[in-house]
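Asks: For reference, the structure I am asking about is given below.
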Amino acid sequence: MPEPIGLDEGGYDALYQALVQGVSARVPGWTDAYAASPTVTFAETMAWLIDMQRFYIDRITEEHRLCLLRLLGGRLTAARAAHGVMRLDSAGRCGVLSRGTLFYAGEIPFETDAALTLRGEAALVPVTQCRTEATCEADYGGADWEALPWQGGVCRVRRCAEPTVWQTDGAAGQIIQLEKDVLPAGLRLLVAEGETGWRELPLDPPVQTDQPTGPGCRYDPLRHALVLGDGRDFLIPPARRHGLRPLVLRRSLGAAGNLPAGAALTGADGARGTLVKDACGGRNAGTVREALQARLKALEQPLRAVTAADIERLLLRAPGAAVRRARAYEAADHTVCAVVEAVNGAVDVERVRRYLAPRMVLGTRVQISAPRVLTVDLRMCVAAGTSAQKQALRQAAGDWIARTPIGGTLEQAALVHALEAAGGVERIDAVAITPRDGALGRAYGGRVETAPDVVCRLGACEIEEG
């Protein structure tokens, strides 16, 4: 089946050339030399239309793309932190490792996910590539912390290098856009209550109730933003609550944290560790354009079987059937024949039929079957070679024949080219392919044409030295 024609890039000239090359690949011998050809006129018209569409599409704003992404059911991918396991070689001066202790691999920060006490031997501790910039500790004091009035007592908030306060006006549905490297998991906030104090603001949507709960906000994964109460999940925060401050704010470098095993990590107090396996799972935040392209690409997968190509794609996606390859074609009685080959053993035809039936166009008759097998014998005349080289040649020939598409044609010239590319012998002088069953395959003119529901297997293979 020919590859789809790519029309996503380039101007009018590039689009026209892509269309011409696509038509030439499907219609051998056709060219655009005759300017009055209807096909040339159609290609020129389509290239102009696509170029004009792209002209206006390029003027769509990011907000429009976000709305389109929401309509298509897509979402942005938030940044994800890399995780790994560190072997603690030295716990530093204190010998005790608390949860959240920072280690650095160069300039990349990692935090420990568990507390640990080193007892004279190396220990393993899970680490996450992130940095907690603000946190709340009710019973912790020190010069790096500031006390804030809070309902029910006093909380102490660590001062960030640049204190983060998001100013709000309490408007319904107001958006507070988060930076791309902020991890939404574990994000907690304080809300300012006038000039007197702060209290924690609910973030995650509450359990479904008839009435929304008190003031709060929710995380919108589509925008990677905080949305103030809109009356559905939370009430609108009163206007006097004029600021949001991170209670816990964690940042990640995304894919930059996917370090290889053996990377050295160093703590601030002299503690040292080594990654025992690759840190993995880190992912950069996606853009609206990337999310939209991925969603549109997903929509290209057929949900209904309209053409033979649609049926073949659906057959390859049949759950639990382990389909290796498939072919669909129309028989003489206008029945659609679907030939399915399983990865191992016989295909579950009934399972495939149940999956395909609700996706077929109404009134279409489909017959699903396993392929028939045609055994072909091969005779080659090659330059002198060792027994190991001849065995490798037999294996390469068998693999090439087995890869032939269902109902495909075995070309002797193509087989010779594949065997010469595989190497092993100096020269191949002659090749002859003979089908054992004339009803499944017919040999003529240096090729073997097979029936549309046939797969080929290698039988006897004779190699003579020329």
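The values are calculated or read from the model by the stated rules, or taken from the named source; none is laboratory data. In this text, all values refer to a predicted model and were calculated from it rather than measured experimentally. Please note: Cβ atoms are built from the backbone with ideal geometry, for glycine as well, and neighbour counts cover all protein chains shown. Protein only, heavy atoms only, side chains kept; ligands, DNA and RNA dropped before computing areas. Shrake-Rupley method; radii C 1.70, N 1.55, O 1.52, S 1.80 Å.
Asks: Look through E420, E449 and report the one residue that is without any contact (Cβ under 8 Å) to a residue 60 or more places away in the chain, open to solvent by 70 Å² or more (accessible area, probe 1.4 Å) and not small (G, A, S). Even if it seems obvious, please write down each step before you answer.
Replies: Working: E449 fails: open to solvent by 70 Å² or more (accessible area, probe 1.4 Å).
Matching residue, one of E420, E449: E420.
Asks: Here's something else I'd like to know. Going through R240, R223, R232 one at a time, which residue ends up being in a loop (DSSP other than H, G, I, E, B), at pLDDT 80 or above, open to solvent by 20 Å² or more (accessible area, probe 1.4 Å) and not hydrophobic (A, V, I, L, M, F, W, C)? It would help to see each step written out before you state the result.
Replies: Numbers: R240 fails: at pLDDT 80 or above; R232 fails: at pLDDT 80 or above.
Of the residues listed, the single one that is in a loop (DSSP other than H, G, I, E, B), at pLDDT 80 or above, open to solvent by 20 Å² or more (accessible area, probe 1.4 Å) and not hydrophobic (A, V, I, L, M, F, W, C) is R223.
Asks: Next question, about the same structure. Kindly evaluate R250 against the criterion of being over 27 Å from R65 (Cα atoms), touching a residue at least 24 places away in the same chain (Cβ under 8 Å), outside any loop (DSSP other than H, G, I, E, B) and open to solvent by 30 Å² or more (accessible area, probe 1.4 Å).
Replies: yes
Asks: Further question on the same structure: Quick check, is R245 open to solvent by 50 Å² or more (accessible area, probe 1.4 Å) and either in contact with a strand residue (DSSP E or B) (Cβ under 9 Å, 6 or more places away or on another chain) or of a type in the set (D, E, K, R) (or both)? Full working, then the answer.
Replies: Details: open to solvent by 50 Å² or more (accessible area, probe 1.4 Å): no; either in contact with a strand residue (DSSP E or B) (Cβ under 9 Å, 6 or more places away or on another chain) or of a type in the set (D, E, K, R) (or both): yes.
Against the criterion (open to solvent by 50 Å² or more (accessible area, probe 1.4 Å) and either in contact with a strand residue (DSSP E or B) (Cβ under 9 Å, 6 or more places away or on another chain) or of a type in the set (D, E, K, R) (or both)), R245 does not qualify.
Asks: While we're looking at this one, here's another question. Say whether the condition of being surrounded by fewer than 14 Cβ atoms within 10 Å (Cβ to Cβ), within 30 Å of V336 (Cα to Cα) and of a type in the set (A, V, I, L, M) is met by at least one residue in the range 376-394.
Replies: Scanning the range 376-394, I find no residue that is surrounded by fewer than 14 Cβ atoms within 10 Å (Cβ to Cβ), within 30 Å of V336 (Cα to Cα) and of a type in the set (A, V, I, L, M), so the answer is no.
Asks: If you don't mind, there's one more thing I want to ask. Could you list, in sequence order, the residues of the range 81-127 that are open to solvent by less than 40 Å² (accessible area, probe 1.4 Å), modelled with pLDDT of 75 or more, assigned to a loop (DSSP other than H, G, I, E, B) and hydrophobic (A, V, I, L, M, F, W, C)?
Replies: A81, A82, A114
Asks: Filter the range 253-272 for residues that are among the hydrophobic types (A, V, I, L, M, F, W, C) and either open to solvent by 40 Å² or more (accessible area, probe 1.4 Å) or out of contact with any Lys or Arg (no Cβ under 8 Å at 6 or more places or on another chain) (or both) and give the result.
Replies: Quick first cut of the range 253-272, residues among the hydrophobic types (A, V, I, L, M, F, W, C) only: 253, 255-256, 259, 261, 263-265, 268, 271.
L253, A255, A256, L259, A261, A263, A264, A268, A271 - these are the residues of the range 253-272 that are among the hydrophobic types (A, V, I, L, M, F, W, C) and either open to solvent by 40 Å² or more (accessible area, probe 1.4 Å) or out of contact with any Lys or Arg (no Cβ under 8 Å at 6 or more places or on another chain) (or both).
Asks: What number of residues within the range 47-64 satisfy the criterion of being out of contact with any Leu (no Cβ under 6 Å at 6 or more places or on another chain) and aliphatic (A, V, I, L, M)?
Replies: Final tally of qualifying residues: 4.
Asks: Hey, could you check the range 439-460 for residues that are among the hydrophobic types (A, V, I, L, M, F, W, C) and assigned to a strand (DSSP E or B) and say which is farthest from A342 (Cα to Cα)?
Replies: Keep residues of the range 439-460 that are among the hydrophobic types (A, V, I, L, M, F, W, C), which gives 439-440, 443, 448, 451, 454-456, 458, 460.
Now drop any that are not assigned to a strand (DSSP E or B), which leaves 443, 448, 454-456, 458, 460.
Numbers: A443: 27, V448: 24, V454: 14, V455: 12, C456: 15, L458: 18, A460: 24 Å.
Among those that are among the hydrophobic types (A, V, I, L, M, F, W, C) and assigned to a strand (DSSP E or B), it is A443.
Asks: Taking L440, is it touching a Leu at 6+ places or on another chain (Cβ under 9 Å) and more than 30 Å from A332 (Cβ to Cβ)?
Replies: Numbers: touching a Leu at 6+ places or on another chain (Cβ under 9 Å): yes; more than 30 Å from A332 (Cβ to Cβ): no.
In short, no.
Asks: Looking at the range 57-76, can you tell me whether even one residue there is in contact with a strand residue (DSSP E or B) (Cβ under 8 Å, 6 or more places away or on another chain) and either among the basic types (K, R) or open to solvent by 40 Å² or more (accessible area, probe 1.4 Å) (or both)?
Replies: Restricting attention to the range 57-76, the residues satisfying the condition of being in contact with a strand residue (DSSP E or B) (Cβ under 8 Å, 6 or more places away or on another chain) are none.
No: the range 57-76 contains no residue that is in contact with a strand residue (DSSP E or B) (Cβ under 8 Å, 6 or more places away or on another chain) and either among the basic types (K, R) or open to solvent by 40 Å² or more (accessible area, probe 1.4 Å) (or both).
Asks: Just for strands (runs of 3 or more DSSP E) wholly inside the range 334-438: which have at least 2 residues that are farther than 23 Å from V454 by Cβ? First the steps, then the outcome.
Replies: Values: elements: 336-342, 366-369, 372-382, 409-411, 428-435.
Ranges flagged: 372-382, 428-435.
Asks: Follow-up. Give the residues of the range 273-307 that are open to solvent by less than 80 Å² (accessible area, probe 1.4 Å), more than 29 Å from R359 (Cβ to Cβ) and assigned to a loop (DSSP other than H, G, I, E, B), sorted by residue number.
Replies: Residues satisfying the conditions are V276, A279, G281, G282, A285, G286, T287.
Asks: Checking R26 against (1) out of contact with any Pro (no Cβ under 7 Å at 6 or more places or on another chain); (2) more than 28 Å from T287 (Cα to Cα); (3) open to solvent by 80 Å² or more (accessible area, probe 1.4 Å), only one condition comes out false. Which one?
Replies: (1)
Asks: Also: Suppose we keep only residues that are open to solvent by less than 40 Å² (accessible area, probe 1.4 Å) and part of a loop (DSSP other than H, G, I, E, B) within the range 185-198. Which one would you say is modelled with the highest pLDDT?
Replies: If we take residues in the range 185-198 being open to solvent by less than 40 Å² (accessible area, probe 1.4 Å) and part of a loop (DSSP other than H, G, I, E, B), then L187 is modelled with the highest pLDDT.
Asks: Could you tell me whether the range 359-372 includes any residue that is closer than 18 Å to G407 by Cβ, without any contact (Cβ under 8 Å) to a residue 24 or more places away in the chain and open to solvent by less than 40 Å² (accessible area, probe 1.4 Å)? Let's see the steps before the verdict.
Replies: Within the range 359-372, the subset closer than 18 Å to G407 by Cβ is 366-372.
Keeping just the survivors that are without any contact (Cβ under 8 Å) to a residue 24 or more places away in the chain gives none.
Checking the range 359-372: not a single residue is closer than 18 Å to G407 by Cβ, without any contact (Cβ under 8 Å) to a residue 24 or more places away in the chain and open to solvent by less than 40 Å² (accessible area, probe 1.4 Å).
Asks: If I ask for residues that are hydrophobic (A, V, I, L, M, F, W, C) and surrounded by 14 or more Cβ atoms within 10 Å (Cβ to Cβ), which ones from the range 343-358 would you list?
Replies: Matches in the range 343-358: V347, V349, V352, L356.
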